[in-house]
Structure formats: C-alpha cells, structure tokens
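Each remark here refers to the structure printed beneath this line.
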Amino acid sequence: MISMSILRALLLLSLSFATYAETHHHEFKVQEVAVRRLCRNHRAVTVNGQFPGPTLEVRNGDTLLVKVTNAAPYNVTIHWHGIRQLRNPWADGPEFVTQCPIRPGGSYTYRFTITDQEGTLWWHAHSRWLRATVYGALVIRPKSGSSYPFPTPKIEFPVVLGEWWDRKVISVLRQALFSGAAPNISDALTINGQPGDLFRCSSQSTTKLTVNKGDTVLLRVINAALNQQLFFSVANHKLTVVATDAVYTKQFTTNVIMVGPGQTTDVLLTADQQPGRYYMASRAYASARNAPFDNTTATAILEYKSANSQPILPQLPAYNDTNTVTAFSNQIKSPGYKVNVPTKIDENLFMAVGLGFFNCTPGPRCQGPNNTRFGASMNNVSFVLPNRVSLLQAYTQNIPNIYTTNFPRVPPLQFDYTGNVPRGLWQPVKGTRLYNLKFGANVQIVLQDTSIFSTEDHPVHLHGYHFYIVGQGFGNFNPSRDTANFNLVDPPQRNTIDVPVGGWAAIRFVADNPGVWFMHCHIDTHLAWGFAMAFIVENGIGESETLLPPPSDLPRC
C-alpha cells in the first residue's frame, strides 16, 4: 500500500510538471508621437509610443487579449503574422478582409489562442502603409515543462529589420497611388528601429547587444521592412539556423541569412571570438532589374563586455546575389518529424504572379513606364479591396455584390511567363475575386513569377495557414519534370514563401481552417497595386470544424 503522504507528494510532483496555459492582457494605444531619426524630428504612428512596438512574450497554448485603441488620425488594424487563428479569422486583422478598420477614436479587442506553435512571429498594422512603424515581435516559447530542441541559450534577442522614410509614409503611398509611378524608396534601413552608426545623427542610438565570451545567443530575426528582402550577418560569427516562421528546422550553419518581408529566422550564435565589438548588419537583396531600392546598410553592435574597439563590418553579399539566396533557401528543411505532406491533391492551382501596367491617358496620373500606371496581379486579376464591408462579413452574412468566387484556377492565357511577354498580356483586369475550398481539401499552389516589368523575388504570405514548400526552381514550371523532383520527405514549412526571381515555388497545405484567408505579396507596394487574392474555406462537420461567431465589438464600417 502507498501511504497518503507519498500519494500527495506524487500528485504535487505531477502538478509541478503540468502545462499551465496563461491568458495575457495587453493594451495597444496606436498614436502619433515625436520620433527623431537622421537629424530630423517626425510625427510617426506607433504603439504605446514605442518604435518598434512592444515585444509580446507568451507560451504555446496561451491566450492573448489585446485591446487596440486608435488614437491616430488614420484607420488601423493589427495582424498577428503567422498565427493560425483556428476557426477565428475575426482576430486575423487585414483591413476589409476579415474586419472593418478601427476608426480614429475606436477600439477593438483581438482575442486568440496560440495552438501548437513555437518560435518567432510578429505583429503589424495591416492597413495601407502604417506597418512601416506599427510593428513588434511576438515570441512564443515552449509550454511549461517543455524545452527547445536545442541547448537553451543564455540570451534571447529580437532583431527586427525595418525601413525608415524621412517623411510621412502615408504621403509617400498617396503620391504613388495618385501618380501611378513607383513610390519613393526608404531613406534608411533599420535594426530595432535604429539605422545604426553608418548614418548621420545615429551613432548614439545604435542598437547594442552586450555578451560575455562563451555566451550562446538566440537571435530572433524578423523582416518587418515594407518593401525589401534583406541579407543579415554578424561580423566574424557563424549563425546556426534553428527555425523559420515559428517552425523548427534541421539545423545548419551559415555566414549570412536572407529574410523576405514577413519572414522570421531564428539563429544561434556563440560568442566565441576575440572580445571586441562586431557589427550586426543588414542590407538589401534587390532582384528586380532597373528598379530603384534602398542601398544603405543598417547596423547594430554585438559587443563583448568591457570591449571598446572599433566595430568590424561583416562581408555582406552583393545586392543581386541570387546564388547566395538560393543556396541558403535550399538548406532550409523540416527536422524530419511531424512531416505530413498532402500527397493526394484535391485542388491544384497555378498562379502567374507579378507586375503589369494599366493603360491610361498621359498626364499627372500616368507616370509609370511609357505613360502607364503600375499594377500587380495574380492570374491576371488585380485585386480590389471592398470598402463598405469586410469580405468575411460579406461571406458570413451573405451580402451580395461584394465579391465573386471566380478567381481563375490557372492563368486565363498560357504564355512564356519568364520570357518576352506579348504587350497584349501586360494589362490585368481589376476585380475582387475569391476562390472556394471545401474543408479538408488537399491544396497545391504553384506560384509562377512573370517578367512583364521585370522578374522579381516575391514574398507571398498566406494568412491562417502554414504550408509545405515542396519545390522551387527557375524559369517556367514544368509539371512533368518538376513535380517528379518534389521534396515530400522533409520540406520546410512556412507562412511566407519567397518565390525565386524568374522562377516558381510549389506549396501544399490542408484546408483545415474555415474562414476567409488573404494571400498576398508582402511587399506593400505590390499589395497596394493589387498583388493579392483570398480563399474562402467552408465549414466542415461539427463545432471543431466550424467558424466561430463574430465578437460583439467587431468594428463597423
């Protein structure tokens, strides 16, 4: 017989290892505040007066309630980038897709639970260009009693890469949308909101991370830049990749990583060099031909305690070094467990994606190439957001004349996508077209870059899902040849895929999350030009496969 005291001790021991899920309450006040950068004072839209905004730290299984109060002069929403939001698109955040915006003076509480996700994600405004300054890290640690699948680091440090304009970003966007031309490029790249000491008036505020020799550091690298893929490196230090987009990967070591807008990459660094000061540096990977880009270099400093030497710069790849990007992305793979790639495909979509032009009468509103206006499209449809109700509300309330469900499964016309495209195919059609998916359908999408203006690496983000990247390559996708080479063993799982410049990427997922889910280029210029579409995923059977009802405080249009 086991005594009562031993039973009690065993019970207490088991409780000590139990998983405790917490509920985290946060208040976000979106407001314009004075921010000084590059020797000038600005009024920038921020959260709680911070730029970047607050880092939210939770555990897998926790619930968040984030009350967002809009004290800014613009409509705003917040997107929790990469959170699955199971059955709960009401908390997803893209303006006029899953909700109407929070108007100035209004508020809305985002309520959601982290379900089987660990690693680094982030949050950002999803309304026009406000995410240029409205963003922050979202760190998801393992459940209580669980640990990382690598040695616990001594230090964890978010590295949030961004862009800075020396004027109001909303005015930059307005000017571009009025003129039809490309917007002005950013004036500086940033690390944790600071350009670093290669810029004027910036050395005092440069981001610094202090370490002891021998420390292991987990850098949580997030690309929050509006329009730019970015290389990142730390002088004289190796980076071991352990996760991307909050999914653990097979570990590999590299000198440099490339992070597309929207993507996150977790790397381990060991402070094993001669004690000194070393630059963490970021600069553009710019793949479009003849397109202007911000060619500056942002820096932060990794400094060993009591070192005061001049920092050393890492050797970063050339701006157009696609070979380095390809070699890096080809190494990212799932760890080999929990890989359940759909093999029997129910929905097979082929999407030609990229830029195009709208013909118009020469004048101040036609300042794109050859008196046109820039556009962007997926399968020749340039997406138009509704403005009187969200797509999700229109779907759940059967409101007519907001959208159609005839998004084309394949391009209306086949052509040499990465070759010389006939002028008659340069102009897309405008529309709000969605694509219907049955609950549980196995979906494959091939995203094919096009060369109408220029081929370009496009970071495409799918809301509400993680997907397997089963293949990617250059040139035009060849179904018979390329499908045979798909990786169905250990493909990486992500929420944002960088479609290779002048190439294609194939992704697969199971449509197991009902709702309306946005899919778009995470280069915000391209999104504003119409590079987007949305999926309707129907309810399945029973409560666990059915959309939750809308919250009572959902903003009204």
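The values are calculated or read from the model by the stated rules, or taken from the named source; none is laboratory data. Computed from a predicted structure; not experimentally measured. We place every Cβ from the backbone using ideal geometry, glycine too, and count neighbours over all the protein chains shown. The accessibility values were calculated without ligands, DNA or RNA, using every heavy atom of the protein model including side chains. Shrake-Rupley method; radii C 1.70, N 1.55, O 1.52, S 1.80 Å.
Quick one: in region 37-46, of everything that is in a strand (DSSP E or B) and either in contact (Cβ under 8 Å) with a residue 24 or more places away in the chain or open to solvent by less than 40 Å² (accessible area, probe 1.4 Å) (or both), which residue is nearest to T206 (Cα to Cα)? Full working, then the answer.
The initial filter retains those residues of region 37-46 that are in a strand (DSSP E or B), namely 37, 40-46.
Next, from what is left, pick out any that are either in contact (Cβ under 8 Å) with a residue 24 or more places away in the chain or open to solvent by less than 40 Å² (accessible area, probe 1.4 Å) (or both): 37, 40, 42-46.
On the way: R37: 11, R40: 16, H42: 18, R43: 20, A44: 19, V45: 21, T46: 19 Å.
Here the residue is R37.
Give me the strands (runs of 3 or more DSSP E) completely within region 217-259, filtered to those with at least 2 residues that are touching a Lys or Arg at 6+ places or on another chain (Cβ under 9 Å), ordered by residue number.
Working: elements: 229-234, 239-244, 247-254, 256-259.
It comes to 229-234, 239-244, 247-254.
For F486, all conditions in the list (1) in contact (Cβ under 8 Å) with a residue 24 or more places away in the chain; (2) over 19 Å from the mean Cα position of the chain (by Cα) hold save one; what is the number of the exception?
That leaves (1) as the condition not met.
Name the single residue, out of those in region 271-310 being among the small types (G, A, S) and over 21 Å from the mean Cα position of the chain (by Cα), that is nearest to V259 (Cα to Cα).
Residues of region 271-310 that are among the small types (G, A, S), as a first pass: 271, 276, 281-282, 284, 286-288, 291, 298, 300, 306-307, 309.
Retained after the next criterion (residues that are over 21 Å from the mean Cα position of the chain (by Cα)): 271, 276, 291, 300, 306-307, 309.
Numbers: A271: 22, G276: 27, A291: 19, A300: 17, S306: 32, A307: 30, S309: 29 Å.
Applying the filter and picking the extreme gives A300.
Taking into account only those residues within region 200-230 that are within 17 Å of the chain's Cα centre (by Cα) and of a type in the set (G, A, S), which is farthest from W122 (Cα to Cα)?
Going through the qualifying residues, I end up with A225.
Taking T207 and the conditions (1) in contact with a helix residue (DSSP H, G or I) (Cβ under 8 Å, 6 or more places away or on another chain); (2) open to solvent by less than 30 Å² (accessible area, probe 1.4 Å); (3) not aliphatic (A, V, I, L, M), which numbered condition does it fall short on, given that it satisfies the others?
Among (1) in contact with a helix residue (DSSP H, G or I) (Cβ under 8 Å, 6 or more places away or on another chain); (2) open to solvent by less than 30 Å² (accessible area, probe 1.4 Å); (3) not aliphatic (A, V, I, L, M), T207 violates only (1).
For a quick check of your reading of the model, give me the residue pairs whose first member lies in region 367-388 and is of a type in the set (F, W, Y), whose second is outside any strand (DSSP E or B) and surrounded by 18 or more Cβ atoms within 10 Å (Cβ to Cβ), with beta-carbon atoms closer than 8 Å and at least 6 apart or on different chains.
F374/G180; F374/A182; F374/G368; F374/F453; F374/W529; F383/T432; F383/G530; F383/F531
Out of N359, N295, N340, N320, report the one residue that is under 24 Å from F252 (Cβ atoms), surrounded by fewer than 17 Cβ atoms within 10 Å (Cβ to Cβ), modelled with pLDDT of 95 or more and in contact with a strand residue (DSSP E or B) (Cβ under 9 Å, 6 or more places away or on another chain). Explain how you work it out, then say what you get.
Details: N359 fails: under 24 Å from F252 (Cβ atoms); N295 fails: under 24 Å from F252 (Cβ atoms); N340 fails: modelled with pLDDT of 95 or more.
N320 is the lone residue from the list that is under 24 Å from F252 (Cβ atoms), surrounded by fewer than 17 Cβ atoms within 10 Å (Cβ to Cβ), modelled with pLDDT of 95 or more and in contact with a strand residue (DSSP E or B) (Cβ under 9 Å, 6 or more places away or on another chain).
Say we look at region 170-184 and pick out the residues that are open to solvent by less than 70 Å² (accessible area, probe 1.4 Å) and among the polar types (S, T, N, Q); which of these is farthest from H42 (Cα to Cα)?
Among them, the one singled out is S179.
Given the structure, is T240 more than 26 Å from R200 (Cα to Cα) and either open to solvent by 20 Å² or more (accessible area, probe 1.4 Å) or in contact with a Leu (Cβ under 7 Å, 6 or more places away or on another chain) (or both)?
Values: more than 26 Å from R200 (Cα to Cα): yes; either open to solvent by 20 Å² or more (accessible area, probe 1.4 Å) or in contact with a Leu (Cβ under 7 Å, 6 or more places away or on another chain) (or both): yes.
The answer is yes for T240.
Go through V353, V389, V410, V339 for me and flag whichever is of a type in the set (A, V, I, L, M, F, W, C) and closer than 17 Å to C521 by Cβ.
Details: V389 fails: closer than 17 Å to C521 by Cβ; V410 fails: closer than 17 Å to C521 by Cβ; V339 fails: closer than 17 Å to C521 by Cβ.
Criteria check complete, one pass: V353.
Go through region 385-404 and give me each residue that's in a loop (DSSP other than H, G, I, E, B) and open to solvent by less than 60 Å² (accessible area, probe 1.4 Å).
First, the residues of region 385-404 that are in a loop (DSSP other than H, G, I, E, B): 385-390, 397-403.
Of everything in region 385-404, those that are in a loop (DSSP other than H, G, I, E, B) and open to solvent by less than 60 Å² (accessible area, probe 1.4 Å) turn out to be P386, V389, S390, I399, I402, Y403.
Return the residues of region 511-557 that are aromatic (F, W, Y) and farther than 26 Å from K344 by Cβ; say none if nothing qualifies.
Restricting attention to region 511-557, the residues satisfying the condition of being aromatic (F, W, Y) are 517-518, 529, 531, 535.
F518, W529, F531, listed by residue number.
Need a quick list: strands (runs of 3 or more DSSP E) entirely within region 133-199 having at least 3 residues that are of a type in the set (S, T, N, Q) and in contact (Cβ under 8 Å) with a residue 40 or more places away in the chain. It would help to see each step written out before you state the result.
On the way: elements: 135-141, 155-164, 188-191.
Qualifying strands (runs of 3 or more DSSP E): none found.
Which of the residues belonging to region 512-557 are open to solvent by less than 10 Å² (accessible area, probe 1.4 Å), in contact with a Cys (Cβ under 8 Å, 6 or more places away or on another chain) and outside any strand (DSSP E or B)?
F531
Are any of the residues in region 212-219 buried (at least 21 other Cβ atoms within 10 Å of the Cβ) and of a type in the set (V, I, T)? Can you show your working first?
Going residue by residue through region 212-219, those that are buried (at least 21 other Cβ atoms within 10 Å of the Cβ) are 218-219.
With the extra rule that they be of a type in the set (V, I, T), the set shrinks to none.
Taking every residue of region 212-219 in turn, none turns out to be buried (at least 21 other Cβ atoms within 10 Å of the Cβ) and of a type in the set (V, I, T).
Answer yes or no as to whether G356 is at positive phi and of a type outside the set (A, V, I, L, M). Can you show your working first?
Details: at positive phi: no; of a type outside the set (A, V, I, L, M): yes.
So G356 fails the test.
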